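The values are calculated or read from the model by the stated rules, or taken from the named source; none is laboratory data. Just so it is clear, the model here is predicted, and its values are computed rather than measured. Positions of Cβ are backbone-derived with ideal geometry, glycine not excepted, and every protein chain shown enters the neighbour counts. Quick note on the areas: whole protein, heavy atoms, side chains included, nothing else; ligands and nucleic acids left out. Shrake-Rupley method; radii C 1.70, N 1.55, O 1.52, S 1.80 Å.
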Amino acid sequence: MEYKDYYKIMGLKRDATQDEIKRAHRKLARKYHPDVSKEADAEARFKEVGEAYEVLKDPEKRAAYDRLDPNMQAGHDFQPPPNWDSGFEFQGGGFTGAGGSGFSDFFEQLFGQGYGGQAGGARFSARGQDHHAKVMVDLEDAFHGATRSITLQSPELDEHGRVHVSNHTIHVKIPKGIKEGQQLRLKEQGAAGMGEGGKGDLYLEIHFNPHPLYRPEGRDLHMQLPVTPWEAALGATVNTPTPNGTVGVKIPAGSNSGNKLRLKGRGIPGNPAGDIYIVLSVVAPPADSEQARALYKEMESKLAFNPRAGLGV
(Lines give C-alpha, C1' and ligand atoms only; values in the text may rest on other atoms or scores of the structure.)
Protein backbone atom coordinates (compact mmCIF):
# COMPACT_ATOMS: atom_id res chain seq x y z
CA MET A 1 0.00 0.00 0.00
CA GLU A 2 1.36 3.41 -0.99
CA TYR A 3 1.44 6.34 1.42
CA LYS A 4 -0.65 9.35 0.36
CA ASP A 5 0.58 12.85 1.23
CA TYR A 6 -2.73 14.66 1.32
CA TYR A 7 -1.15 18.02 2.11
CA LYS A 8 1.16 17.77 -0.91
CA ILE A 9 -1.74 16.73 -3.15
CA MET A 10 -3.57 19.93 -2.23
CA GLY A 11 -0.47 22.14 -2.18
CA LEU A 12 -0.85 22.96 1.51
CA LYS A 13 1.33 23.19 4.59
CA ARG A 14 0.53 20.88 7.51
CA ASP A 15 -0.69 23.81 9.64
CA ALA A 16 -3.21 25.00 7.03
CA THR A 17 -6.49 26.40 8.33
CA GLN A 18 -9.87 24.97 7.40
CA ASP A 19 -10.54 28.01 5.19
CA GLU A 20 -7.27 27.43 3.33
CA ILE A 21 -8.23 23.80 2.80
CA LYS A 22 -11.62 24.80 1.38
CA ARG A 23 -10.09 27.36 -0.98
CA ALA A 24 -7.47 24.88 -2.22
CA HIS A 25 -10.17 22.28 -2.88
CA ARG A 26 -12.35 24.66 -4.85
CA LYS A 27 -9.40 25.72 -6.99
CA LEU A 28 -8.15 22.20 -7.70
CA ALA A 29 -11.62 20.74 -8.23
CA ARG A 30 -12.26 23.35 -10.96
CA LYS A 31 -8.82 22.74 -12.48
CA TYR A 32 -9.17 18.95 -12.75
CA HIS A 33 -12.91 18.48 -13.24
CA PRO A 34 -13.14 15.87 -16.05
CA ASP A 35 -15.88 17.82 -17.86
CA VAL A 36 -13.74 20.92 -18.36
CA SER A 37 -10.07 20.02 -17.80
CA LYS A 38 -7.71 19.44 -20.69
CA GLU A 39 -5.15 17.66 -18.46
CA ALA A 40 -4.38 14.09 -19.55
CA ASP A 41 -4.76 12.73 -16.02
CA ALA A 42 -7.63 15.02 -15.01
CA GLU A 43 -9.98 12.29 -13.78
CA ALA A 44 -7.33 10.62 -11.61
CA ARG A 45 -6.20 13.96 -10.16
CA PHE A 46 -9.81 14.98 -9.52
CA LYS A 47 -10.39 11.79 -7.49
CA GLU A 48 -7.08 12.25 -5.67
CA VAL A 49 -7.98 15.82 -4.68
CA GLY A 50 -11.42 14.69 -3.54
CA GLU A 51 -9.90 12.01 -1.33
CA ALA A 52 -7.41 14.45 0.20
CA TYR A 53 -10.22 16.92 0.90
CA GLU A 54 -12.37 14.22 2.50
CA VAL A 55 -9.61 13.70 5.07
CA LEU A 56 -8.36 17.24 5.66
CA LYS A 57 -11.79 18.93 5.86
CA ASP A 58 -12.79 16.73 8.82
CA PRO A 59 -11.06 17.52 12.13
CA GLU A 60 -11.27 13.89 13.30
CA LYS A 61 -9.88 12.32 10.14
CA ARG A 62 -7.23 15.04 9.93
CA ALA A 63 -6.10 14.62 13.54
CA ALA A 64 -5.74 10.87 13.06
CA TYR A 65 -3.89 11.32 9.75
CA ASP A 66 -1.53 13.85 11.35
CA ARG A 67 -0.65 11.22 13.95
CA LEU A 68 1.08 9.14 11.27
CA ASP A 69 4.77 9.61 10.56
CA PRO A 70 5.09 13.12 9.05
CA ASN A 71 8.42 12.14 7.44
CA MET A 72 6.82 9.54 5.18
CA GLN A 73 7.16 10.30 1.47
CA ALA A 74 4.33 9.99 -1.03
CA GLY A 75 4.44 6.67 -2.87
CA HIS A 76 6.51 4.86 -0.25
CA ASP A 77 5.30 1.48 0.95
CA PHE A 78 3.18 2.00 4.06
CA GLN A 79 1.38 -0.02 6.71
CA PRO A 80 -0.36 1.66 9.67
CA PRO A 81 1.54 1.09 12.93
CA PRO A 82 -0.17 -1.33 15.35
CA ASN A 83 -2.92 0.39 17.34
CA TRP A 84 -2.14 3.74 15.70
CA ASP A 85 -5.75 4.81 16.34
CA SER A 86 -5.91 4.01 20.08
CA GLY A 87 -6.78 6.77 22.52
CA PHE A 88 -8.74 8.98 20.08
CA GLU A 89 -12.25 9.92 21.12
CA PHE A 90 -14.58 10.42 18.15
CA GLN A 91 -18.14 11.58 17.80
CA GLY A 92 -20.79 9.26 16.44
CA GLY A 93 -19.69 5.74 15.55
CA GLY A 94 -16.28 6.63 14.19
CA PHE A 95 -15.11 8.87 11.37
CA THR A 96 -17.67 11.08 9.70
CA GLY A 97 -18.34 11.52 6.01
CA ALA A 98 -17.67 9.09 3.17
CA GLY A 99 -17.12 5.41 3.81
CA GLY A 100 -14.25 5.10 1.39
CA SER A 101 -16.15 4.07 -1.75
CA GLY A 102 -14.06 4.89 -4.80
CA PHE A 103 -11.09 6.02 -2.75
CA SER A 104 -7.61 4.46 -2.55
CA ASP A 105 -6.55 1.43 -0.51
CA PHE A 106 -4.65 3.86 1.73
CA PHE A 107 -7.87 5.71 2.61
CA GLU A 108 -9.86 2.51 3.04
CA GLN A 109 -7.23 1.03 5.37
CA LEU A 110 -7.31 4.08 7.64
CA PHE A 111 -10.85 5.41 7.38
CA GLY A 112 -13.02 2.66 5.92
CA GLN A 113 -15.94 0.92 7.58
CA GLY A 114 -13.63 -1.38 9.52
CA TYR A 115 -12.45 1.50 11.69
CA GLY A 116 -14.33 2.63 14.78
CA GLY A 117 -17.56 0.79 14.06
CA GLN A 118 -20.13 2.17 11.63
CA ALA A 119 -19.17 5.48 10.07
CA GLY A 120 -21.75 8.22 10.29
CA GLY A 121 -22.05 11.96 10.56
CA ALA A 122 -23.44 14.01 13.40
CA ARG A 123 -27.25 14.24 13.76
CA PHE A 124 -29.13 17.02 15.49
CA SER A 125 -31.21 15.67 18.34
CA ALA A 126 -32.09 16.56 21.89
CA ARG A 127 -29.77 13.93 23.32
CA GLY A 128 -26.02 14.45 23.02
CA GLN A 129 -23.96 12.36 20.62
CA ASP A 130 -22.31 9.16 21.75
CA HIS A 131 -18.52 9.16 21.61
CA HIS A 132 -16.32 6.17 20.75
CA ALA A 133 -12.68 5.45 21.54
CA LYS A 134 -10.29 2.52 21.23
CA VAL A 135 -8.21 2.00 24.39
CA MET A 136 -5.37 -0.32 25.37
CA VAL A 137 -5.28 -2.29 28.65
CA ASP A 138 -3.08 -5.09 29.98
CA LEU A 139 -4.10 -8.70 29.40
CA GLU A 140 -3.79 -9.32 33.15
CA ASP A 141 -6.70 -6.90 33.69
CA ALA A 142 -8.99 -9.44 32.02
CA PHE A 143 -7.99 -12.07 34.60
CA HIS A 144 -8.25 -10.03 37.77
CA GLY A 145 -10.22 -6.89 36.90
CA ALA A 146 -8.78 -3.43 37.51
CA THR A 147 -9.45 0.28 37.70
CA ARG A 148 -7.35 2.21 35.21
CA SER A 149 -6.73 5.88 34.45
CA ILE A 150 -6.95 6.30 30.68
CA THR A 151 -6.07 9.46 28.76
CA LEU A 152 -8.17 10.15 25.67
CA GLN A 153 -7.45 12.62 22.88
CA SER A 154 -10.22 14.69 21.30
CA PRO A 155 -9.61 16.56 18.00
CA GLU A 156 -10.89 20.15 18.09
CA LEU A 157 -10.69 23.27 15.93
CA ASP A 158 -9.17 26.40 17.45
CA GLU A 159 -10.29 29.96 16.70
CA HIS A 160 -8.02 30.01 13.62
CA GLY A 161 -9.53 26.87 12.11
CA ARG A 162 -6.52 24.69 12.88
CA VAL A 163 -6.84 21.22 14.36
CA HIS A 164 -5.40 20.59 17.80
CA VAL A 165 -5.80 17.71 20.22
CA SER A 166 -6.99 18.12 23.79
CA ASN A 167 -6.34 15.44 26.43
CA HIS A 168 -8.58 14.38 29.26
CA THR A 169 -8.25 11.52 31.74
CA ILE A 170 -11.02 9.19 32.85
CA HIS A 171 -11.07 6.42 35.45
CA VAL A 172 -12.38 3.14 34.06
CA LYS A 173 -13.28 -0.10 35.82
CA ILE A 174 -12.09 -3.03 33.71
CA PRO A 175 -14.30 -6.03 34.56
CA LYS A 176 -12.83 -9.47 35.06
CA GLY A 177 -13.34 -11.63 31.96
CA ILE A 178 -13.42 -8.84 29.37
CA LYS A 179 -12.46 -9.88 25.83
CA GLU A 180 -10.54 -8.01 23.16
CA GLY A 181 -12.91 -5.96 21.03
CA GLN A 182 -15.59 -5.81 23.73
CA GLN A 183 -17.08 -2.38 24.43
CA LEU A 184 -17.58 -0.70 27.78
CA ARG A 185 -20.36 1.88 28.04
CA LEU A 186 -19.73 4.89 30.25
CA LYS A 187 -23.12 6.49 30.72
CA GLU A 188 -23.45 10.23 30.05
CA GLN A 189 -19.74 10.77 29.32
CA GLY A 190 -20.31 11.65 25.67
CA ALA A 191 -21.28 14.98 24.10
CA ALA A 192 -23.60 17.47 25.80
CA GLY A 193 -27.23 17.47 24.68
CA MET A 194 -29.31 20.28 23.22
CA GLY A 195 -31.83 22.11 25.35
CA GLU A 196 -33.12 19.73 27.98
CA GLY A 197 -31.50 16.70 26.39
CA GLY A 198 -29.10 14.59 28.38
CA LYS A 199 -25.49 13.84 27.54
CA GLY A 200 -24.52 11.03 25.20
CA ASP A 201 -22.56 7.97 26.26
CA LEU A 202 -18.91 7.09 25.79
CA TYR A 203 -18.15 3.65 24.36
CA LEU A 204 -14.64 2.27 24.94
CA GLU A 205 -13.52 -0.55 22.67
CA ILE A 206 -11.04 -2.66 24.65
CA HIS A 207 -7.81 -3.93 23.12
CA PHE A 208 -4.88 -5.59 24.86
CA ASN A 209 -1.34 -4.28 24.91
CA PRO A 210 1.10 -6.71 23.26
CA HIS A 211 2.11 -9.41 25.73
CA PRO A 212 5.54 -11.09 25.80
CA LEU A 213 4.06 -14.55 26.35
CA TYR A 214 0.46 -14.76 25.21
CA ARG A 215 -1.55 -14.00 22.09
CA PRO A 216 -5.28 -13.65 22.87
CA GLU A 217 -7.99 -14.99 20.58
CA GLY A 218 -11.43 -14.56 22.07
CA ARG A 219 -11.11 -16.01 25.58
CA ASP A 220 -8.32 -18.38 24.52
CA LEU A 221 -4.61 -17.65 24.82
CA HIS A 222 -1.84 -18.99 22.59
CA MET A 223 1.79 -19.29 23.69
CA GLN A 224 5.09 -20.96 22.77
CA LEU A 225 6.78 -23.18 25.32
CA PRO A 226 10.53 -23.89 24.92
CA VAL A 227 11.56 -27.45 25.85
CA THR A 228 14.91 -29.26 25.76
CA PRO A 229 15.57 -32.08 23.27
CA TRP A 230 15.55 -34.67 26.09
CA GLU A 231 12.27 -33.36 27.54
CA ALA A 232 10.71 -33.67 24.07
CA ALA A 233 12.23 -37.09 23.33
CA LEU A 234 11.77 -38.75 26.74
CA GLY A 235 8.76 -36.89 28.06
CA ALA A 236 8.72 -34.70 31.16
CA THR A 237 6.63 -32.43 33.35
CA VAL A 238 7.83 -28.83 33.02
CA ASN A 239 6.89 -25.66 34.85
CA THR A 240 4.84 -23.35 32.63
CA PRO A 241 3.72 -19.77 33.37
CA THR A 242 0.03 -18.88 33.19
CA PRO A 243 -1.67 -15.60 34.13
CA ASN A 244 -2.85 -17.25 37.33
CA GLY A 245 0.50 -18.77 38.34
CA THR A 246 2.89 -21.56 37.40
CA VAL A 247 1.51 -25.00 36.53
CA GLY A 248 3.18 -28.29 35.65
CA VAL A 249 2.59 -29.34 32.03
CA LYS A 250 3.18 -32.93 30.94
CA ILE A 251 5.21 -33.16 27.73
CA PRO A 252 4.48 -36.48 25.94
CA ALA A 253 7.49 -38.58 24.95
CA GLY A 254 8.39 -38.21 21.28
CA SER A 255 7.20 -34.60 21.02
CA ASN A 256 8.51 -32.23 18.35
CA SER A 257 8.48 -28.51 17.71
CA GLY A 258 5.02 -27.43 16.61
CA ASN A 259 3.14 -30.02 18.68
CA LYS A 260 0.20 -28.45 20.51
CA LEU A 261 -1.08 -28.97 24.04
CA ARG A 262 -4.18 -27.51 25.73
CA LEU A 263 -4.65 -26.25 29.27
CA LYS A 264 -8.42 -26.36 29.62
CA GLY A 265 -10.09 -23.49 31.47
CA ARG A 266 -6.82 -21.59 32.05
CA GLY A 267 -7.64 -18.80 29.59
CA ILE A 268 -9.61 -15.59 30.15
CA PRO A 269 -12.37 -16.11 32.76
CA GLY A 270 -15.92 -16.50 31.51
CA ASN A 271 -18.79 -18.92 31.24
CA PRO A 272 -17.11 -21.01 29.99
CA ALA A 273 -13.54 -19.85 30.58
CA GLY A 274 -11.09 -19.91 27.69
CA ASP A 275 -8.20 -22.34 27.26
CA ILE A 276 -4.46 -21.87 26.88
CA TYR A 277 -3.02 -23.47 23.75
CA ILE A 278 0.69 -24.30 24.00
CA VAL A 279 2.93 -24.79 20.97
CA LEU A 280 6.14 -26.67 21.78
CA SER A 281 9.47 -25.28 20.60
CA VAL A 282 12.43 -27.65 20.95
CA VAL A 283 15.55 -25.65 21.83
CA ALA A 284 19.01 -27.24 21.55
CA PRO A 285 21.65 -26.19 24.12
CA PRO A 286 24.66 -24.32 22.72
CA ALA A 287 27.91 -26.17 22.06
CA ASP A 288 29.84 -23.58 24.06
CA SER A 289 32.14 -25.86 26.07
CA GLU A 290 34.39 -28.86 25.48
CA GLN A 291 31.97 -31.07 27.39
CA ALA A 292 28.99 -29.90 25.32
CA ARG A 293 30.84 -30.40 22.05
CA ALA A 294 31.92 -33.88 23.14
CA LEU A 295 28.30 -34.82 23.89
CA TYR A 296 27.17 -33.58 20.47
CA LYS A 297 29.98 -35.54 18.81
CA GLU A 298 28.90 -38.66 20.70
CA MET A 299 25.28 -38.23 19.59
CA GLU A 300 26.46 -37.67 16.02
CA SER A 301 28.39 -40.94 16.03
CA LYS A 302 25.91 -43.11 17.96
CA LEU A 303 22.48 -41.88 16.78
CA ALA A 304 21.51 -42.78 13.22
CA PHE A 305 19.30 -39.74 12.75
CA ASN A 306 18.61 -37.73 9.61
CA PRO A 307 15.93 -35.03 10.09
CA ARG A 308 15.89 -34.45 6.30
CA ALA A 309 15.07 -38.04 5.37
CA GLY A 310 11.51 -37.02 4.52
CA LEU A 311 12.90 -34.59 1.96
CA GLY A 312 14.60 -37.36 0.06
CA VAL A 313 18.13 -36.18 0.87
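Checked against (1) touching an Asp or Glu at 6+ places or on another chain (Cβ under 7 Å); (2) buried (at least 16 other Cβ atoms within 10 Å of the Cβ); (3) modelled with pLDDT under 85, GLY161 passes all but a single condition, namely (2).
Go through the residues of the stretch 186-199 one by one and say whether even a single one is touching a Leu at 6+ places or on another chain (Cβ under 6 Å), in a strand (DSSP E or B) and either more than 21 Å from PHE88 (Cα to Cα) or open to solvent by less than 20 Å² (accessible area, probe 1.4 Å) (or both). Within the stretch 186-199, not a single residue is touching a Leu at 6+ places or on another chain (Cβ under 6 Å), in a strand (DSSP E or B) and either more than 21 Å from PHE88 (Cα to Cα) or open to solvent by less than 20 Å² (accessible area, probe 1.4 Å) (or both). ALA42 fulfils the conditions (1) out of contact with any Leu (no Cβ under 8 Å at 6 or more places or on another chain); (2) open to solvent by 10 Å² or more (accessible area, probe 1.4 Å) except for a single criterion, (2). Restricting the stretch 45-77 to residues that are open to solvent by less than 60 Å² (accessible area, probe 1.4 Å) and of a type in the set (Phe, Trp, Tyr) leaves a set whose member that is nearest to SER154 (Cα to Cα) is TYR65. Go through the residues of the stretch 165-176 one by one and say whether even a single one is open to solvent by 80 Å² or more (accessible area, probe 1.4 Å), touching a residue at least 40 places away in the same chain (Cβ under 8 Å) and over 30 Å from ASP15 (Cβ atoms). For the stretch 165-176, residues open to solvent by 80 Å² or more (accessible area, probe 1.4 Å), touching a residue at least 40 places away in the same chain (Cβ under 8 Å) and over 30 Å from ASP15 (Cβ atoms): present. Kindly provide the set of residues from the stretch 249-271 that are out of contact with any strand residue (DSSP E or B) (no Cβ under 6 Å at 6 or more places or on another chain) and touching a residue at least 24 places away in the same chain (Cβ under 8 Å), ordered by number. Selection gives ASN256, ILE268, PRO269, GLY270. Would you pick out the residues in the stretch 1-41 that are of a type in the set (Gly, Ala, Ser) and closer than 26 Å to GLN109 by Cβ? Passing the criteria: GLY11, ALA16, ALA24, ALA29. For the stretch 2-12, the count of residues that are at pLDDT 90 or above and more than 23 Å from ASN71 (Cα to Cα) is zero. Among residues of the stretch 134-147 that are closer than 13 Å to THR242 by Cβ and assigned to a strand (DSSP E or B), none has a beta-carbon under 7 Å from a residue that is among the polar types (S, T, N, Q) and at pLDDT 95 or above at least six positions away or on a different chain.
Residues that are at pLDDT 90 or above, over 18 Å from ASN83 (Cα atoms) and either in contact with a Ser or Thr (Cβ under 6 Å, 6 or more places away or on another chain) or among the β-branched types (Val, Ile, Thr) (or both) within the stretch 114-153 comprise THR147, SER149, listed in sequence order. Of the strands (runs of 3 or more DSSP E) entirely within the stretch 202-295, those holding at least 3 residues that are open to solvent by less than 30 Å² (accessible area, probe 1.4 Å) occupy 202-208, 220-227, 236-242, 245-251, 276-282.
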